[in-house]
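Have a look at the structure below before the remarks.
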Amino acid sequence: MTNTIADIETSDLILVTGSNTTENHPVLSSFVKRATLKGKKLYIIDPRKIKLTEYADKWLRPLPGTDIAWINGLMHIIIKEGLQNTAFIKDRTENFEALKTLVETYTPEHVEAVTGIKTGDLVEVARAFAKAPAASILYCMGITQHTCGTDNVKSLANLSMLCGHLGKPGGGVNPLRGQNNVQGACDMGGLPNVFTAYQPVGNDEARNTYEKAWSVTGLPKNPGLVVTEMVQRAHEGSLKALFIIGENPMVSDPDLNHARKAFQRLDFLVVQDIFHTETAQMADVVLPAFCFAEKDGTFTNTERRVQRVRKAVEAPGEAREDWRILCDMAGRMGYEMSYASSRDIFKEIAAVTPSYRGITWERIDKVGIHWPCPTEAHEGTPILHTTQFTRGKGLFHALAHTPPAELPDRDYPFILTTGRVLYHYHTGTMTMKTQGLNVLSPECFVEISESDATKMALDTGAMVAVSSRRGKITAKLKVSSKAVEGTVFIPFHFAEAAANELTNAKLDPTAKIPEFKVCAIKIEAV
Amino acid sequence: MDQDTIIINGNHLVFRSGETILETARRNHIDIPTLCHLKNAIPTHTCKICQVEVMGEPALVESCAAKAKQGMTILTDSPKVIEARKEVIKGLLASGYHNCAAREMDAKDWTSFQLTVLKNDGKEDLCPVWGDCELQDLAYRYQVKTRHTPSKECRYDTERANPFIIRDFSRCILCGRCVKACREIQVNNAIEFGYAGDDLKIIAKNDATLKDSDCVFCGECLQACPVGALVPDKAFRDHRFKDTRKIRTTCSFCGVGCQMDVFVQDNKIVKIDGADTDLPPNHASLCVKGRFGYEFVASPERLTRPLIKKDGKQVEASWEEALDLVAQKLSAIKSESGPDSIGVMTSARITNEDNYIAQKFTRAVLKTNNIDHCARL
Ligand code: SF4
Ligand code: SF4
Ligand code: SF4
């Protein structure tokens, strides 16, 4: 997030898109809901009629996969009515003319034809967003999990810059991170192209620093493979071994059929986890690890706040800490990695990571600190881009709408979108061990609109077979007011009816995120 | 300096404009007890415990409602105040089924009070929050005895129709904190005051059970309830006298990173509460997963020993054997097919320290940049 969670309550207008906030980030959604109690404006632009729409001034319903079209539409109106923040555009940004030219064709009428959003609604949101003293945009996987996900995010940044809502309290473009430490995993260089703090592996200076810090030579300079590419290479046979830590791709990956075959073709699969997950069951070696309640360390939350994790209980049996297992492995492979404690690891992190340099465990003992925090005297940075952007001036990207990779047709007439429910988390390996959560959310369901259900003469509770060009699952139908005609929602938590048997592994070319949010399916009674 | 000061118990204190007497006092660490006040919510003033004496005012004043005014002279513990508080506490104890021994207390000191209670603890229906109840604390502090006052019968049955929260209306003092917590803090709007007069009750819509209401089991109400009217449906109730440790940590589910207090007995998590109301990012709020979703930690299904696949079947192995095998296999594949034939998937669940070591291992030992995690998924 460019801004903080607390900051949301101080916005004059909040635009939520592609985030089912009350179920995926419940406590954060309270900040949004409290803002509405104080009379702040809330607009939701989302294909599903999610719970948060009940608190909103207005809910706009675009067809799945048409985000760039409505964002360009908003900018079209704002520029046409002269509501853009001219001073901000002049001082802080470049390439405005290209954007202006591109959005000229996105008239409200054209946008309505593409997205289904009513002209009047789009105009209302455009005016309110531009005129608000500070407007915040919150988004989540509903924006990123598309073949055009990267462009969707850039388009939201365009919109925010156009109105000068970046770099100030109550504003910002705020991605809500799904899993607890996604932010930290990225910050720590758990990515194929960067070391910690996003220092590129291709940069000679960065590699030099690391070679010195780690006393090694010959660190590889070509970016590596992303998860989805690893699965692809395994399938082709050029990736021979995979070491998986705390992930369950056999439920979370798109197009599971394909992933299963890929894993079977590996010469060697190691899984390090706390449970015998679907993925662990396929492994050649399974290593038992600690869970969060047994560890000392840090997580970094979605607002870039580095916070302490503390050991509360002893781990079961012979389980070991993740880092210790890896250090033991390194030693056996001829490279000494030894630390007395995870605090020592954090000291090394601070030494090689500019944005974490000023953070120590002592400093975050009570309250976490927002990175960047360059020195021990620095208080951290709650709001990013207050005086300039990372690259200096903010760059407008002129981006055209591209339709999703797979659209409904005669054979597969429904659009499927996937996501989470309140009571479960990711592949359910943790939440499904709490009986009460299973009582409240016992099984997979296929959420469908009343009119679609009526057409098929089916009702809540009916078992249906759902199939796409890639796979098939069966689950119970659930008629819901959250669904809109033509679009079906299935949560992906449940291994017995894994929604990802159906999804499309087609990737966004830059971020390499699969298109989970749109694929074509058909539904039949069984 | 004289501009914005009030005098509480002889102390000259600066107040901020708009502040109530209670807020000024609390900010200056002067304790005024309350049962209905909830931080960050609009005061309900139903409980009348926070009354104080303001010089020149004929009647006692509710400190949670009265704004601090220049020159006010306030006594928070005068005999008049104490008498009034005792009356209120007596009324509350008699208003329901408060059988926690606070009512029959004749003991002179805390130890003998505890002993009396311990003796009674065999009784099935002893209040589950015994020892962690704000009303009981006040009853003890003000030495209120109500043994001879009959308690009011409760006409509503205890609700156990959901897996997480027990609602015991016989112990509800109708302070309204839960309603505030639900409507003003979490804004879930699931519960409200229902019926009137003697029938007053905290209800969900149409007086349905929580399970059939808009309730999302965030447990904000549970955490706010000063007494034993809302209690977690968990083993914690049976372990009041065991040693309990409290550890502050960060929730491991979503990216909000809520700060929480984990309560541990016998190496088992028995309860999780939101941390301090002043502490960002969550200011003591949690959601259903963070508060109740901890059973996985002590699950019998946890992996406890390394497994190695032998003849197509995974069998238990020692760490030595498992680590040797992995190191040898990875080394062999690295030298035969090159470093880039190996991939590492690290995790958005594990700590920064773990992730740092995972990428260091991948880059410095395996010598590949094939490391990623499932953030995109
Ligand atoms: S658990 Fe949460 S939603 Fe349910 S009644 Fe309590 S405060 Fe409201
Ligand atoms: S349930 Fe608890 S918090 Fe709610 S009104 Fe009753 S005593 Fe107060
Ligand atoms: S308590 Fe809920 S909202 Fe808070 S971090 Fe945990 S899962 Fe997220």
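Read-outs: derived from the displayed coordinates by stated rules, not from any lab. Given the structure is predicted, the values throughout are model-derived calculations rather than measurements. All Cβ positions, even for glycine, are placed from backbone atoms using ideal geometry, and neighbour counts span all protein chains on display.
Taking the Cα centre of the protein assembly as shown as reference, the dipole from Cβ charges on Lys and Arg (+1) and Asp and Glu (-1) amounts to some 440 debye.
The Cα center of the range B:259-322 and the Cα center of the range A:173-245 differ in position by 27 Å. Could you check which residue among B:His283, B:His98, B:His37 shows the biggest mean-square fluctuation in a GNM of chain B with a 10 Å Cα cutoff? Taking springs between Cα atoms under 10 Å, the residue moving most is B:His283.
Restricting the calculation to Cα atoms, every distinct pair contributes to the Kirkwood radius of the range B:144-216, found to be 13.5 Å. With contacts taken as Cα pairs under 8 Å and at least 6 residues apart, the range B:246-377 reaches a relative contact order of 13 percent. Pick out, from A:Gln264, A:His146, A:Met333, the residue whose Cα sits farthest towards the positive end of the charge dipole of chain A, with +1 on the Cβ of Lys and Arg and -1 on the Cβ of Asp and Glu. Of the listed residues, the answer is A:His146.
Mind sorting A:Trp70, A:Trp361 by how few other Cβ atoms lie within 10 Å of their own Cβ, fewest first? Working shown, then result.
Working: A:Trp70 28, A:Trp361 17.
Ascending number of Cβ neighbours within 10 Å: A:Trp361, A:Trp70.
In straight-distance terms, cross-link reach from B:Lys313 covers every one of the lysines whose alpha-carbon lies under 21 Å from its own, apart from those fewer than eight places away in the same chain; here that gives A:Lys240, A:Lys261, B:Lys329. Placing unit charges on the Cβ atoms only, positive for Lys and Arg and negative for Asp and Glu, gives the range A:182-370 a dipole magnitude near 400 debye about its Cα centre. Taking every residue in A:20-27 and counting other chain Cβ atoms within 10 Å of its Cβ, the average works out to 6. Sorted largest first, the spans of the alpha carbon positions of the range A:6-176 along the three principal axes are 40, 33, 28 Å. Between A:Arg410 and A:Ala6, residue separation times 0.36 nm minus the direct Cα-Cα distance comes to 140.7 nm.
Sequence-distant contacts, meaning Cα pairs under 8 Å at least 6 residues apart, place the relative contact order of chain B at 10 percent.
With an 8 Å cut-off on Cα pairs and a minimum separation of 6 or more residues, tell me the relative contact order of chain A in percent. Write down the numbers at each step before the final one.
Details: 1063 pairs, mean separation 89.5, N = 526.
The normalised contact order for chain A reaches 17 percent.
For the range B:5-46, which trypsin sites (Lys or Arg not before Pro) are in a loop by DSSP, counting at most 11 other Cβ atoms within 10 Å?
Values: sites: B:Arg16, B:Arg26, B:Arg27, B:Lys39; in loops: B:Arg16, B:Lys39.
Filter output for the range B:5-46: B:Arg16.
In whole Å, how far is the Cα centre of the range A:359-428 from that of the range A:470-502? Computed from Cα coordinates, the inter-centre distance equals 26 Å.
Positive end of the charge dipole of the protein assembly as shown (Lys, Arg +1 and Asp, Glu -1 on Cβ, about the Cα centre): tell me which of A:Ala497, B:Phe15, A:Leu225 has its Cα farthest that way. Result: B:Phe15, furthest along the dipole toward the positive end.
Would you mind giving the average projected area, over all directions, of the Cα convex hull of the range B:316-373 in nm² with one decimal?
Spelled out: convex hull of the Cα atoms, projected over all directions, averaged, 4.5 nm².
Ordered by the count of other Cβ atoms within 10 Å of each Cβ, fewest first, A:Ser11, B:Ser335 give B:Ser335, A:Ser11.
At the listed q of 0.11, 0.20 Å⁻¹, the Debye profile of the range A:182-370, built from one uniform point per Cα, gives log10 I(q)/I(0) equal to -0.58, -1.57.
In terms of its C-alpha gyration tensor, chain B comes out prolate, because a/c is 1.5 or above and the ratio a/b outweighs b/c. Rounded to whole Å, the principal axis extents of the Cα atoms in the protein assembly as shown read 86, 70, 66, largest first. If you find the alpha carbon centre of the range B:325-377 and of the range A:41-106, how far apart are they in angstrom? What the calculation gives is 41 Å, centre to centre.
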